[in-house]
Every structure is written in C-alpha cells, then in structure tokens.
Number of protein chains: 2
Amino acid sequence: MAESNQEAPFACEGLDRVFHEKARLGIMISLAGHADGLVFSDLKSTCGLTHGNLNRHLQVLEEAGYIRIEKGYEGRRPYTQVRLSAKGRTRFSDYLAVLEQVLRKARARTRINGSTRVAARQSG
Amino acid sequence: MAESNQEAPFACEGLDRVFHEKARLGIMISLAGHADGLVFSDLKSTCGLTHGNLNRHLQVLEEAGYIRIEKGYEGRRPYTQVRLSAKGRTRFSDYLAVLEQVLRKARARTRINGSTRVAARQSG
C-alpha cells in the first residue's frame, strides 16, 4: 500500500494499523532500542500498560509476525522475552517513513492555512 | 495529558485518540488547509472514504468539538460544509507536536539499535 494516492491525497493508507494504534506504537518504540528484546515486566512498565492490555497488543503484533515471544525459565522463575523480528523491524521503519511524510504534509497544510487566515484578516 | 511520562517513557499518552485514527488524521489534514472548510463530497474524495465512513468519523470529530458542520441549500441543492473549529485547530497542532516527539524518539531508538547490532556483530 503506497502512502501517496493521487486521487485521494489525504487517505493516509500507508499507515499500518498494527503499528498506528498508540499502545502498540509505544511497544514498538520500546522494543526498537533493545536488540535482545525486553522481558514482559519491563515492557509493561516502560509502556505504562496493564498485564491484560500488554498481552492483547503483543498478540496482535505476534500474529502480524512483527515480534517473537519466547517463554522460558531462569532457574525456577518463568520469564517471557519479547523482541522484534527482522520483518517487524523493516516494516516499522517503513511505517515511520510514511508517518514522517504524513506529518510533513500536515505541517505544510497548517502553515498554509495560517497564512491564508492572516491574509484574509488583513484584506477584510 | 503530557506526552512525557518519566515512569512509562513509551506510553504515548499524549496522542489524542480522536486524531490518531488514520481516517480522521486524513480528514484533519485535509481540513487544515481550508480556512473556509470543505463540502462533504470534496472531503470524501480527498480522503478516499465512503459516505458512511466519512459520516461516522465526522461525528466523532464533531462530538469532540473539533469541527463544525453546517448544512444548507445553494439554490435548491443541499450541501454540507465542514470546517475546523478554533479548538480543533489548536488541539490538532498540539497533537502534531506530540507526534513529532514520538517520531523523534522512535527514530533515535531505531538508530541506537542499529549501531548496537553492528557493534555486537563486530565483536562476536
């Protein structure tokens, strides 16, 4: 899905819904800085999510193939390690590029409008 | 709601859900460039939305007080004019500022991780 759409220039189609949900956006940003991943409890606290909410969003990301979840034991303590997959890293980078374009477009439009309003006020 | 949260740095709390939904983001960007607003049919085509979808999203924006919808007649033809409210313009600008911060953070994290991976590969 291309971001630029000549017929519908403000369709924002290229924004992958899996990443665009703000809790998942936080999870992705958090994981992006950790090549070796993060344990569930650390991810929960850095993203300010409840246990249930984090679980739900991780499931969406895992089903899309964007993260890998590894469960194991450290001694007798169970742990859950979450990390980005190569696909997740690439697609997230694509998403950020589209988001940058959208933001640039939005900034240009808010500026254009600002000057139009000033001009209208001065001539009126 | 502040975007920066010391305890949960990746919470993305400041991203107003009303704007963050991608169809509504497109509607807002589209309206931002038109001080006098847009008629329903133009908004529908620039945003690539169906009649029903556009109606539903406009309702959300109107309930939040971010847009004003004016219905009238031009001769015998009915029209629906949609424009940003002053509140909508201000809040959208705030939203864009938060989004910019989030994007900067994401870019910094993806870069950090990139170099960590390279360093790990070189030393391993």
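With its label point defined 7 Å out from Cα along the Cα-to-Cβ axis, A:E74 lies at 6.5 nm from the matching points of the other copies, in increasing order.
Among the lysines, select those whose C-alpha is under 23 Å from the C-alpha of B:K71, and discard any that sit fewer than 8 residues away in the same chain. The qualifying lysines are B:K44, B:K87.
Applying a DSSP loop filter and a limit of 10 other Cβ atoms within 10 Å to the trypsin sites (Lys or Arg not before Pro) in the stretch A:43-106 leaves A:R76. At q = 0.11, 0.13, 0.29 Å⁻¹ the log10 of I(q)/I(0) for the stretch A:1-69 amounts to -0.32, -0.43, -1.38, computed by Debye summation with a single uniform scatterer per C-alpha, solvent ignored.
Counting only lysines at least 8 places from A:K105 when in the same chain, those with an alpha carbon closer than 17 Å to its own are B:K22.
Each value in this text was obtained by applying a stated rule to the coordinates, not by laboratory testing. As the structure is a prediction and not an experimental result, all values here were calculated from the model. When we count neighbours, we look across all protein chains shown, and the Cβ atoms used for this are built from the backbone with ideal geometry, even at glycine.
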